[in-house]
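Remarks on the structure that follows.
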Amino acid sequence: MTPMTKSQAKQLSPLTLAFYGDCVYEVLVRRKIVYGGSRPSQELHRLSVTMVRASFQSAAYDTLLPVLTEEETDILKRGRNATGLNPPKSSNPRDYHRATAVEVLFGYLDLIGEKERIEELFEVICSEKSEE
């Protein structure tokens, strides 16, 4: 499939970008876990939930900010400020909005064909977490 232009992708609502970005991010997480070797299914699930929960993605928001371009920062902030979000009871609104912002960024970058940049940013997130 041909990537969208930046203009086309920016015309999508933040929630549409987050809807798509959620699966982009989830595939990255699952691939990272699988590359770590075979494990029982319960452990695979536990590890993936750890990295896709709102609190983890909210922390990733802070990790990413210093390395983003101006355009990427604008996309991230657009996602953070999206309206119509209903945080689940298991998450606080701040974390949920910031997690949505990360998903918006990953969705946007994937739709415009920036696969290498997605890999770079995901590596930044993972490197930061492994240092903690």
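Just to check your reading of the model, which residue among ARG94, ARG117 is in contact with an Asp or Glu (Cβ under 9 Å, 6 or more places away or on another chain), of a type in the set (D, E, K, R), without any contact (Cβ under 8 Å) to a residue 60 or more places away in the chain and part of a helix (DSSP H, G or I)?
ARG117
Okay, residues lined up against (1) touching an Asp or Glu at 6+ places or on another chain (Cβ under 9 Å); (2) farther than 11 Å from VAL104 by Cα; (3) modelled with pLDDT under 95:
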position: ALA18; (1), (2), (3): yes, no, no
position: LEU47; (1), (2), (3): no, yes, yes
position: LEU76; (1), (2), (3): no, no, no
position: GLY79; (1), (2), (3): yes, no, yes
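Here is a yes/no grid of residues against (1) aromatic (Phe, Trp, Tyr); (2) more than 16 Å from the chain's Cα centre (by Cα):
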{"position": "LYS89", "(1), (2)": "no, yes"}
{"position": "TYR108", "(1), (2)": "yes, no"}
{"position": "ARG117", "(1), (2)": "no, no"}
{"position": "GLU128", "(1), (2)": "no, no"}
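Out of all the residues in the stretch 49-59, is one or more in a helix (DSSP H, G or I), touching a Cys at 6+ places or on another chain (Cβ under 9 Å) and either among the aromatic types (Phe, Trp, Tyr) or modelled with pLDDT under 95 (or both)?
As a first pass, look at the stretch 49-59 and keep what is in a helix (DSSP H, G or I): 49-52, 54-59.
In the following step, the residues that additionally are touching a Cys at 6+ places or on another chain (Cβ under 9 Å) were identified as 51.
Among the residues that remain, those that are also either among the aromatic types (Phe, Trp, Tyr) or modelled with pLDDT under 95 (or both) are: 51.
Checked against the condition, which is being in a helix (DSSP H, G or I), touching a Cys at 6+ places or on another chain (Cβ under 9 Å) and either among the aromatic types (Phe, Trp, Tyr) or modelled with pLDDT under 95 (or both), the stretch 49-59 yields at least one hit.
Filter the stretch 73-91 for residues that are in a helix (DSSP H, G or I) and not charged (D, E, K, R); which is nearest to LYS10 (Cα to Cα)? I'd like the intermediate steps shown before the answer.
Narrowing the stretch 73-91 to residues in a helix (DSSP H, G or I): 73-80.
Now drop any that are not not charged (D, E, K, R), which leaves 73, 75-76, 79.
Numbers: THR73: 13, ILE75: 8, LEU76: 12, GLY79: 11 Å.
Selected residue: ILE75.
Hey, any hits in the stretch 121-130 for a residue that's more than 23 Å from PRO3 (Cβ to Cβ), free of Cβ contacts under 8 Å to residues at least 12 places away in the same chain and part of a loop (DSSP other than H, G, I, E, B)?
no
Mind counting the residues in the stretch 1-31 that are farther than 26 Å from LYS77 by Cβ and in a helix (DSSP H, G or I)? Spell out how you get there, then give the answer.
Our first condition is that a residue be farther than 26 Å from LYS77 by Cβ; within the stretch 1-31, this holds for 1-2, 30-31.
Restricting the remaining residues to those that are in a helix (DSSP H, G or I) gives 30-31.
Qualifying residue count, the stretch 1-31: 2.
Anything in the stretch 17-28 that is touching a residue at least 24 places away in the same chain (Cβ under 8 Å) and β-branched (Val, Ile, Thr)? List them, or say none.
Listed by number, the list holds a single entry, VAL24.
Would you tally the residues in the stretch 28-83 being under 22 Å from LEU17 (Cβ atoms), surrounded by 13 or more Cβ atoms within 10 Å (Cβ to Cβ) and hydroxyl-bearing (Ser, Thr, Tyr)?
Qualifying residue count, the stretch 28-83: 6.
The values are calculated or read from the model by the stated rules, or taken from the named source; none is laboratory data. This structure is a prediction, so every number in the text was calculated from the model and none was measured. Every residue, glycine as well, gets a Cβ built from its backbone with ideal geometry; the counts of neighbours run over all protein chains shown.
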